[in-house]
Amino acid sequence: MTTASETPGKIEQHTIYQIPIDQRHGRARDLFTIWFGANIHMLTIVTGALASTVFKLPFLSAIGAIVFGNLVGAIFMALHAAQGPRLGVPQMVQTRGQFGSVGAVLVVGIVIVMYVGFLASNIVLAGQSLHSVAPALSQTAMIVLVAAVTLIATIYGHDLIHAYERVLAWLSGCALLLAFFWIVFVHGLPAMFLAMGTYTRAGFFSVVSVAALWQIAYAPYVSDYTRYMPQDTGAKPAFWASYWGCSLGSILPMILGAMLGLIAADGDVVNGLTAFTGKASSAIVIIFSISIAGNNAINLYCGVLSTITLGQTFIPQWKAGPAARTVTATVLLLVALGLALFAAANFLANYTDFILLLLYVLVPWTAVNLVDYYLVRHGEYDVSSFFARDGGVYGRFNKQAIACYVFGIAVQLPFVDTALYTGPVAKMLNHVDISWIVGLVVVGPVYYYLVRKSQTGALATNTA
């Protein structure tokens, strides 16, 4: 039962600690709007453009790969949605239940790097986009402006971000439809548009992997935005609202990106969007840039919660509040801002390498987390132990989870296909990268087997 209401105009008082029952609020449908609105922006468009600019796929093949990858990847993202209402804590705090209080540090640290990376990527694109419609204003000034908006939204926190994305779900959705309409019916596509590009199996499956990773990369976020919801929020409504919000919000702008990648000069998606939407370009680009600020607030907010989680691991008595969130947000944003200004000149190459790296380190974590939550503990955790100095019932280290995580990264290596390294199996498969599939299929069952074996051994010892 909802006993509180959303207060977007007030600074959030909570950080990583369990949300009291009488302060829970929200509905499952709020999860659709936050993930739909959060994904319709320039970074999603640029990610979709990889299908035609980097992997050289024809448009119809690109659509197939984008749709398939997102629909599969969103399953794993949305399965995390039920954890927030049940436990009332952020995702990375809950990870202590699988890895132990200190064992979770490696995963939390990697996730913080991910948040900062997406922050920097978004800031770069926002600056480039706004500069393309307002050339008189420097790209650096636009980058700083977007960063400032991001910081303000993060300081106000959870409820403002939800409210912000609710509005952007409509604004960005309309801007996206306008962009499609203008490019296809007003500007027009080249006569041989559907014949552009060359289908390759490696390119198709690479795009599937990129799209799936886009969804899986949201897995560490999900509980951060469901932990305020009433405990009676059903697992199925939370799953489907998150699933369709995130998948549809990603598929549509990615398809726009694949289209622009084929027709824009030199594959320049940002300038291509401006050029091909004519008189509507200013409104479209500004809305997408505002949406980037909203998505960045999501990244920064989660990054702050994860950073506080990391600090609290080593200083258990630290009770971080709004002031700590503000200071931490400012520091993380300054780091991302520095990266954005450094990486702007070679953004696309750097971004491609970044998302491929995420693929290999997030897959084993999500496999361990979901198997533990749904199959081992059935959602039953001792939340107080998450904050205990010694890790409580979960201890400082869970050797099975840590071993499976490292094993999950290692087992993917033979299937990896990147510019820096290509595994032997990937070469045999003609450079088709299926590493993420192998990681999910192998790690989950291995973790389940190890935990069950450990539990059986402990029961036999106690009986004896």
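I'd like to know if the range 419-427 contains one or more residues that are among the hydrophobic types (A, V, I, L, M, F, W, C) and either at pLDDT 95 or above or assigned to a helix (DSSP H, G or I) (or both). Steps first, answer last, please.
So in the range 419-427, the residues among the hydrophobic types (A, V, I, L, M, F, W, C) come out as 419-420, 425-426.
Among the residues that remain, those that are also either at pLDDT 95 or above or assigned to a helix (DSSP H, G or I) (or both) are: 425-426.
For the range 419-427, residues among the hydrophobic types (A, V, I, L, M, F, W, C) and either at pLDDT 95 or above or assigned to a helix (DSSP H, G or I) (or both): present.
Would you pick out the residues in the range 233-250 that are out of contact with any Lys or Arg (no Cβ under 9 Å at 6 or more places or on another chain), surrounded by fewer than 24 Cβ atoms within 10 Å (Cβ to Cβ) and touching a residue at least 24 places away in the same chain (Cβ under 8 Å)?
Those that are out of contact with any Lys or Arg (no Cβ under 9 Å at 6 or more places or on another chain), surrounded by fewer than 24 Cβ atoms within 10 Å (Cβ to Cβ) and touching a residue at least 24 places away in the same chain (Cβ under 8 Å): 234, 239, 240, 243, 244, 248.
In the range 367-381, what residues are surrounded by fewer than 20 Cβ atoms within 10 Å (Cβ to Cβ) and in contact (Cβ under 8 Å) with a residue 60 or more places away in the chain? Can you show your working first?
Filtering the range 367-381 for residues surrounded by fewer than 20 Cβ atoms within 10 Å (Cβ to Cβ) gives 374-380.
374, 375, 376, 377, 379, listed by residue number.
Does the range 353-364 include one or more residues that are open to solvent by 60 Å² or more (accessible area, probe 1.4 Å) and either on the phi < 0 side of the Ramachandran plot or at pLDDT 95 or above (or both)? Working first, answer last.
Step one: filter the range 353-364 for residues open to solvent by 60 Å² or more (accessible area, probe 1.4 Å), giving 353, 357.
Okay, now just the ones that are also either on the phi < 0 side of the Ramachandran plot or at pLDDT 95 or above (or both), so 353, 357.
Within the range 353-364, one or more residues are open to solvent by 60 Å² or more (accessible area, probe 1.4 Å) and either on the phi < 0 side of the Ramachandran plot or at pLDDT 95 or above (or both).
Of all residues in the range 297-332, how many are within 17 Å of residue 144 (Cα to Cα), touching a residue at least 40 places away in the same chain (Cβ under 8 Å) and either touching a His at 6+ places or on another chain (Cβ under 9 Å) or open to solvent by 10 Å² or more (accessible area, probe 1.4 Å) (or both)? Before you say what the answer is, go through the steps one by one.
Step one: of the range 297-332, the residues within 17 Å of residue 144 (Cα to Cα) are 297, 299-300, 329-332.
When the remaining residues are screened for being touching a residue at least 40 places away in the same chain (Cβ under 8 Å), the result is 297, 299-300, 329-330, 332.
So of that shortlist, the ones also either touching a His at 6+ places or on another chain (Cβ under 9 Å) or open to solvent by 10 Å² or more (accessible area, probe 1.4 Å) (or both) come out as 330, 332.
Qualifying residue count for the region: 2.
Checking residue 253 against (1) of a type outside the set (Asp, Glu); (2) farther than 27 Å from residue 180 by Cα; (3) buried (at least 19 other Cβ atoms within 10 Å of the Cβ), only one condition comes out false. Which one?
(2)
Of the residues in the range 281-296, how many are of a type in the set (A, V, I, L, M) and open to solvent by 10 Å² or more (accessible area, probe 1.4 Å)?
Just the residues of the range 281-296 that are of a type in the set (A, V, I, L, M), to begin with: 283-287, 290, 292-293.
Checking the rest, the ones that are also open to solvent by 10 Å² or more (accessible area, probe 1.4 Å) come to 283, 286-287, 290.
Residues flagged as of a type in the set (A, V, I, L, M) and open to solvent by 10 Å² or more (accessible area, probe 1.4 Å) within the range 281-296 amount to 4.
Go through (1) outside any loop (DSSP other than H, G, I, E, B); (2) open to solvent by 60 Å² or more (accessible area, probe 1.4 Å); (3) under 22 Å from residue 224 (Cβ atoms); (4) of a type in the set (A, V, I, L, M) for residue 60 and report which single condition fails.
Only one criterion is unmet by residue 60, namely (3).
Name the residues in the range 423-448 that are open to solvent by 30 Å² or more (accessible area, probe 1.4 Å) and either farther than 21 Å from residue 365 by Cα or of a type in the set (Phe, Trp, Tyr) (or both), would you? Full working, then the answer.
As a first pass, look at the range 423-448 and keep what is open to solvent by 30 Å² or more (accessible area, probe 1.4 Å): 424-425, 427-431, 434, 437, 441-442, 445-446, 448.
424, 425, 427, 428, 429, 430, 431, 448 - these are the residues of the range 423-448 that are open to solvent by 30 Å² or more (accessible area, probe 1.4 Å) and either farther than 21 Å from residue 365 by Cα or of a type in the set (Phe, Trp, Tyr) (or both).
Do the conditions hold for residue 104, that is, is it under 15 Å from the mean Cα position of the chain (by Cα) and either farther than 29 Å from residue 383 by Cβ or touching a residue at least 40 places away in the same chain (Cβ under 8 Å) (or both)?
Numbers: under 15 Å from the mean Cα position of the chain (by Cα): no; either farther than 29 Å from residue 383 by Cβ or touching a residue at least 40 places away in the same chain (Cβ under 8 Å) (or both): yes.
No; evaluated as a whole, the condition is false for this residue.
Please go through the range 219-232 and pick out each residue that is hydrophobic (A, V, I, L, M, F, W, C) and either assigned to a loop (DSSP other than H, G, I, E, B) or open to solvent by 10 Å² or more (accessible area, probe 1.4 Å) (or both).
Within the range 219-232, 219, 229 meet the criteria.
Quick one: which helices (runs of 4 or more DSSP H) sit completely within the range 86-158 and have at least 3 residues that are surrounded by fewer than 20 Cβ atoms within 10 Å (Cβ to Cβ)?
Qualifying helices (runs of 4 or more DSSP H): 105-133, 139-156.
Go through the range 159-201 and give me each residue that's exposed (fewer than 15 other Cβ atoms within 10 Å of the Cβ) and either under 30 Å from residue 6 (Cα atoms) or of a type in the set (Gly, Ala, Ser) (or both).
167, 170, 174, 177, 188, 191, 195
Results for (1) at pLDDT below 90; (2) under 15 Å from the mean Cα position of the chain (by Cα); (3) more than 30 Å from residue 324 (Cβ to Cβ), shown as yes or no for each residue.
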site: 3; (1), (2), (3): yes, no, no
site: 17; (1), (2), (3): no, no, no
site: 26; (1), (2), (3): no, no, no
site: 34; (1), (2), (3): no, yes, no
site: 39; (1), (2), (3): no, yes, no
site: 69; (1), (2), (3): no, yes, yes
site: 72; (1), (2), (3): no, yes, yes
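Residues to consider are 258, 265; find the one that is over 20 Å from residue 169 (Cα atoms) and at pLDDT 95 or above.
Working: 265 fails: at pLDDT 95 or above.
Going through 258, 265 in turn, just one is over 20 Å from residue 169 (Cα atoms) and at pLDDT 95 or above: 258.
Among (1) open to solvent by 80 Å² or more (accessible area, probe 1.4 Å); (2) modelled with pLDDT of 90 or more, which single condition is residue 459 missing?
Of the numbered conditions (1) open to solvent by 80 Å² or more (accessible area, probe 1.4 Å); (2) modelled with pLDDT of 90 or more, the odd one out for residue 459 is (2).
The values are calculated or read from the model by the stated rules, or taken from the named source; none is laboratory data. Just so you know, these numbers come straight off a predicted model, no measurement behind them. Neighbour counts are summed over all protein chains in view; Cβ atoms, including those assigned to glycine, are modelled from backbone coordinates with ideal geometry. With ligands, DNA and RNA removed, areas are computed over all heavy atoms of the protein, side chains included. Shrake-Rupley method; radii C 1.70, N 1.55, O 1.52, S 1.80 Å.
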